[in-house]
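The block underneath contains the structure these notes are about, expressed in structure tokens.
The values are calculated or read from the model by the stated rules, or taken from the named source; none is laboratory data. All of these numbers come straight from a predicted model, not from anything done at the bench. Positions of Cβ are backbone-derived with ideal geometry, glycine not excepted, and every protein chain shown enters the neighbour counts. Quick note on the areas: whole protein, heavy atoms, side chains included, nothing else; ligands and nucleic acids left out. Shrake-Rupley method; radii C 1.70, N 1.55, O 1.52, S 1.80 Å.
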Amino acid sequence: MKLHHLLLFLLVTATFTACEDRIKAVNKSNLATFTPSGEADSLALKYTDSGRITAVLAAKQMRDFATVKHPFTEFPKGIDLTLYDKKGKKTFITAQYAISYRGSDLIDLRKNVVIRSEESQRLETEQLFFDQKNGWFFTEKPFLFTDPEGGSTQGTGIDFNKDFKRINYQQVRGQINKAE
């Protein structure tokens, strides 16, 4: 009878060990799916459309996750992005972290996000989304907007086009200085 118990114990132990090994293998394969398919350090990219530069992107690090179910590109050390409109006017964007989602043309900018125009309009926030397809920015987070005359607007929630010509505020308070 003791031999029977010993064999049963060994069989149960072997079964648990085999299951544990399979669980470890599954966990490792899940981790492998979020390994970047490409990485780059200190990059500078120029985007063009019909021979015209539309954007210049500089980043200290980029990780490309092209092989996951919902592909994205991550910039864990931030970005410095310059957008050009059709007349060559620039919009400057900096953020300490960014993710670009493929398929949706959406960029999620985070941590000390600053966007400014050549006309000295400036917006600061902790998170800002950029819809690349429509050239539209939006956030539900607190923000500070400064105009060229030194007026400032604070609030929570704002959306605007990339040249600051159309701005929609949600909750807002501020001071507007009239230029003479």
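For segment 81-94, indicate whether the set of residues that are under 10 Å from the mean Cα position of the chain (by Cα), more than 13 Å from GLU126 (Cβ to Cβ) and not in a loop (DSSP other than H, G, I, E, B) is non-empty. No, segment 81-94 contains no residue that is under 10 Å from the mean Cα position of the chain (by Cα), more than 13 Å from GLU126 (Cβ to Cβ) and not in a loop (DSSP other than H, G, I, E, B). Here GLU124 does not fit the description of being open to solvent by 70 Å² or more (accessible area, probe 1.4 Å) and either modelled with pLDDT of 85 or more or of a type outside the set (Val, Ile, Thr) (or both). The set of residues in segment 84-104 that are β-branched (Val, Ile, Thr) and open to solvent by less than 40 Å² (accessible area, probe 1.4 Å) comprises THR91, ILE93, ILE99. Considering the conditions (1) touching a Lys or Arg at 6+ places or on another chain (Cβ under 6 Å); (2) exposed (fewer than 15 other Cβ atoms within 10 Å of the Cβ), VAL56 is excluded by exactly one of them, (2).
Looking at segment 58-80, which of its residues are closer than 15 Å to ASP105 by Cα, out of contact with any Ser or Thr (no Cβ under 7 Å at 6 or more places or on another chain) and part of a strand (DSSP E or B)? Across segment 58-80, the qualifying residue is only GLU74. Whether a residue is closer than 18 Å to LYS165 by Cβ and out of contact with any Gly (no Cβ under 8 Å at 6 or more places or on another chain) was assessed, and SER117 passes this test. Exactly one residue out of ILE167, ILE107 is of a type in the set (A, V, I, L, M) and crowded, with 18+ Cβ neighbours inside 10 Å: that is ILE107. Scoring VAL114 on the criteria (1) under 16 Å from PHE143 (Cβ atoms); (2) crowded, with 17+ Cβ neighbours inside 10 Å leaves a single failure, condition (2).
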